[in-house]
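Novice: After the structure tokens below, expect a handful of questions from me.
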Amino acid sequence: MRLSPPSFVVEGVVATIRSRSPRSRRSKQRSHRQSRAIIARNLADRRAKGKDEGIESEPIKLLSDDEIQFCTTIARPTLKFSVQEALDHLCAADVRFARLRHKVGLRSFTSTSTKPLNLFQTLCTSILGQQISWLAARAILYKFTRIWWGAELPEKPDWGTLARDALPFPTPRQVLEASEESMRAAGLSFSKIRYVRGLAEKFGSGQMDVRQLLAEEDEGEIVKKLVELKGVGVWTAQMCMMFALRLPNILSHGDLGIQKGMVIWYLAGPEGPTIRADSRKAQAGTRPGEESDSTSAPTVGEADQLNAALAEASTQTRVDAVVSGDPPVDTAVVAGVVDASSGTASNARRPSADPSAMDRDVPLIPADSGLTVRILQERRNGKKIKGAYLTPAEMDSLAKAWHPYESIASLFMWSLID
């Protein structure tokens, strides 16, 4: 198996040092010829299958490995805003943020991690985990990486010490070289195999470039470009924008967790709603699409479930993610979190972290939302509108005062339901 050569950083992008000796050049040329042959056979099989299904497939031309790396990987995006200013803005807009500002973790925006962003890896990992529990997703991701690193990674890892971010990840070229049989054995459905290979083609050919995406200032255009990728819907794109690109003003209309949190929020008094114990700052943070800064060791019971999921990964029969336009997503289901209560947060009065907070009134429910306390109570108790707690227009009205820091406010909303 080819080992990764040494790396260094040039203008924030990971570049690769290549040996220039005649022998290494001949070896590299021979390796590329073999790689092209394998990819050509895989693409030929796909085109033949596509013709059987009445689908035409255009041949693709891959860039060099160095060029592909520039398309997939950049230095971790720097924040274009101040987290402190964002919190000050939210606290000024709503006294309840002042009450809870020191209790909610904002690791996605406060972490000092210097790990580069590999957007290809981020999107692939998101697709692998769609519509299944986080336990099954973690097991499938592990089996997926073992397609290329089976000799280095044990069949059953020590989940307690395995850092998710420490796992190696294949390049687009390696994904295209892998056989369908190996991916099926790793637990991928036929649809997810198509989606992952489609991503590899887009990044490998340069049609998708993380540098161009990050340079785009129109958030609507970023969503549009991402959902053009098969397997990436609006919700997945928004999670990528919030946690990978670290954009401050993303409000996901299709996220039931945010919707439910907003309902609970607007029913609370100036003391604010109660933060779930397992969502407090010390343990807060990892949402779908967010990278963890720690090992995140599972419990003994979870480790047993992970091993069971690992053994059963090849027989996964869960529903595949939709190609685009995700339906409302219940993050408690996607992340494998079980709501232990009825979802009704306790509003027991507690001392405020901000002495002046209790002297301020909570904002009124915006009149243009068409909502009342009674309606919100009915929504909280399960009387949804077409499966949603709130409509997009209602969410926009309630979140108007949070602009331009809706991403930060969303983390508060999630903390109420996890």
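Novice: Go through 117, 141 for me and flag whichever is buried (at least 17 other Cβ atoms within 10 Å of the Cβ), without any contact (Cβ under 8 Å) to a residue 40 or more places away in the chain and either under 29 Å from residue 228 (Cα atoms) or of a type in the set (D, E, K, R) (or both).
Specialist: Criteria check complete, one pass: 141.
Novice: Answer with yes or no whether residue 165 is within 18 Å of residue 123 (Cβ to Cβ), acidic (Asp, Glu) and surrounded by fewer than 18 Cβ atoms within 10 Å (Cβ to Cβ).
Specialist: Yes, satisfied.
Novice: Next up: Which helices (runs of 4 or more DSSP H) does the stretch 70-140 wholly contain that include 2 or more residues that are farther than 28 Å from residue 162 by Cα?
Specialist: Qualifying helices (runs of 4 or more DSSP H): 83-93, 95-100.
Novice: Then there is this: What's the total number of residues in the stretch 222-279 that are of a type in the set (D, E, K, R), surrounded by 24 or more Cβ atoms within 10 Å (Cβ to Cβ) and free of Cβ contacts under 8 Å to residues at least 24 places away in the same chain?
Specialist: 0
Novice: Which one of these is at positive phi and either aromatic (Phe, Trp, Tyr) or not assigned by TED's automatic domain parsing to the domain that holds residue 263 (or both): 150, 187?
Specialist: Matching residue, one of 150, 187: 187.
Novice: Being more than 25 Å from residue 412 (Cα to Cα) and free of Cβ contacts under 8 Å to residues at least 12 places away in the same chain is true for just one of 92, 166, 136, 151. Which residue is that?
Specialist: Exactly one of 92, 166, 136, 151 is more than 25 Å from residue 412 (Cα to Cα) and free of Cβ contacts under 8 Å to residues at least 12 places away in the same chain, namely 166.
Novice: Consider the stretch 191-213. How many of its residues are buried (at least 18 other Cβ atoms within 10 Å of the Cβ) and more than 20 Å from residue 61 (Cα to Cα)?
Specialist: 2
Novice: Can I ask one more? Just the residues that are among the aliphatic types (A, V, I, L, M), part of a helix (DSSP H, G or I) and over 17 Å from the mean Cα position of the chain (by Cα), please, taken from the stretch 186-225.
Specialist: The answer is 193, 200, 215.
Novice: If you take the residues in the stretch 382-394 that are surrounded by 23 or more Cβ atoms within 10 Å (Cβ to Cβ) and not hydroxyl-bearing (Ser, Thr, Tyr), which one is nearest to residue 274 (Cα to Cα)?
Specialist: Looking at residues that are surrounded by 23 or more Cβ atoms within 10 Å (Cβ to Cβ) and not hydroxyl-bearing (Ser, Thr, Tyr), I get 390.
So that you can scan it fast, the table gives a plain yes or no per residue for (1) touching a Pro at 6+ places or on another chain (Cβ under 7 Å); (2) assigned by TED's automatic domain parsing to the domain that holds residue 393:
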| position | (1), (2) |
| --- | --- |
| 200 | yes, no |
| 204 | yes, no |
| 214 | yes, no |
| 217 | no, no |
| 232 | no, no |
| 259 | no, yes |
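Novice: Being loosely packed, with under 10 Cβ neighbours inside 10 Å and either modelled with pLDDT under 90 or assigned to a loop (DSSP other than H, G, I, E, B) (or both) is the filter here, so list the residues in the stretch 352-381 that pass it.
Specialist: The answer is 355, 356, 361, 364.
Novice: Any residue that is surrounded by fewer than 16 Cβ atoms within 10 Å (Cβ to Cβ), at pLDDT 95 or above and acidic (Asp, Glu) - is there at least one of those in the stretch 75-91?
Specialist: The answer is yes, given that some residue of the stretch 75-91 is surrounded by fewer than 16 Cβ atoms within 10 Å (Cβ to Cβ), at pLDDT 95 or above and acidic (Asp, Glu).
The values are calculated or read from the model by the stated rules, or taken from the named source; none is laboratory data. Since this is a predicted model, take the numbers as computed values, not measurements. Note that each Cβ is placed from the backbone with ideal geometry, even for glycine, and that neighbours are counted across all protein chains shown.
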